[in-house]
Amino acid sequence: MQINKTRAILSPSMAFSTKPLSADFYNELDQEFDGFTNHILVSQHAFNEDWEVWEKHPLGDEIVLLLSGEADLITLHEGEETLQHLSMQGETILIKRGTWHTARTTQSTSMLFITAGEGTVNQENPA
């Protein structure tokens, strides 16, 4: 399995399955995995510029692991932004349930995400 082309899914019983990326990947997750209720998504994303949106996961925490590059992870909680700079391979950050977050970088960066994906919300400006 190549995590940059395939995602890992853990079911509520902790059974492991994989799903290749597609243009409609997230909608397919909802359809194939019962609305993604109580499932965990393990994914890798590479990017070389700021994220265009903020996101939050209302039903669980998210673990973010820096694989390469460096980035600022910005969280927004109760109207206050916090910046955490990740620059060392293997550095990990925990995004608490329901916390808006985004990332900024100016270089090629790769991160691994372990996410309670059910109910994920994306928004251009959550303020």
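Computed from the coordinates by the stated procedures, all read-outs in this text should not be read as laboratory data. Because the structure is a prediction, the values reported are computed rather than measured. Virtual Cβ from ideal backbone geometry, glycine too; neighbours counted across all protein chains shown.
Descriptive notes on the structure:
- Of the candidates THR82, THR99, THR18, THR75, the single residue that is in contact with a Leu (Cβ under 9 Å, 6 or more places away or on another chain), surrounded by fewer than 14 Cβ atoms within 10 Å (Cβ to Cβ) and of a type in the set (Val, Ile, Thr) is THR82.
- Given (1) out of contact with any Pro (no Cβ under 6 Å at 6 or more places or on another chain); (2) crowded, with 16+ Cβ neighbours inside 10 Å; (3) more than 23 Å from ALA8 (Cβ to Cβ), index of the condition MET111 fails: (3)
- Any chance ASP34 is among the charged types (D, E, K, R), surrounded by 12 or more Cβ atoms within 10 Å (Cβ to Cβ) and at positive phi: yes
- Every residue from the range 1-58 that is part of a loop (DSSP other than H, G, I, E, B) and touching an Asp or Glu at 6+ places or on another chain (Cβ under 6 Å): THR37, VAL53
- Some residue of the range 58-80 being within 25 Å of LEU21 (Cβ to Cβ), among the β-branched types (Val, Ile, Thr) and more than 11 Å from the chain's Cα centre (by Cα): no
- All positions within the range 67-85 that are among the aliphatic types (A, V, I, L, M) and in contact (Cβ under 8 Å) with a residue 24 or more places away in the chain: LEU67, ALA71, LEU73, ILE74, LEU76
- Applying a threshold of 8 Å to beta carbon distances and a minimum spacing of six or more residues, or different chains, the list of pairs starting in the range 40-66 at a residue that is without any contact (Cβ under 8 Å) to a residue 60 or more places away in the chain and surrounded by 17 or more Cβ atoms within 10 Å (Cβ to Cβ) and ending at one that is in a loop (DSSP other than H, G, I, E, B) and not small (Gly, Ala, Ser) reads GLY60/ARG97; GLY60/GLU118; LEU66/MET88; LEU66/GLN89; LEU66/GLU91.
- Among the residues making up the range 17-39, those that are hydrophobic (A, V, I, L, M, F, W, C) and either touching a residue at least 12 places away in the same chain (Cβ under 8 Å) or within 15 Å of THR115 (Cβ to Cβ) (or both) are LEU21, PHE25, LEU29, PHE33, PHE36.
- Residue that is surrounded by the most Cβ atoms within 10 Å (Cβ to Cβ), among those in the range 85-96 that are on the phi < 0 side of the Ramachandran plot and part of a loop (DSSP other than H, G, I, E, B): GLU91
- Residue check, THR92 farther than 23 Å from ASN4 by Cα and in contact with a strand residue (DSSP E or B) (Cβ under 6 Å, 6 or more places away or on another chain): no
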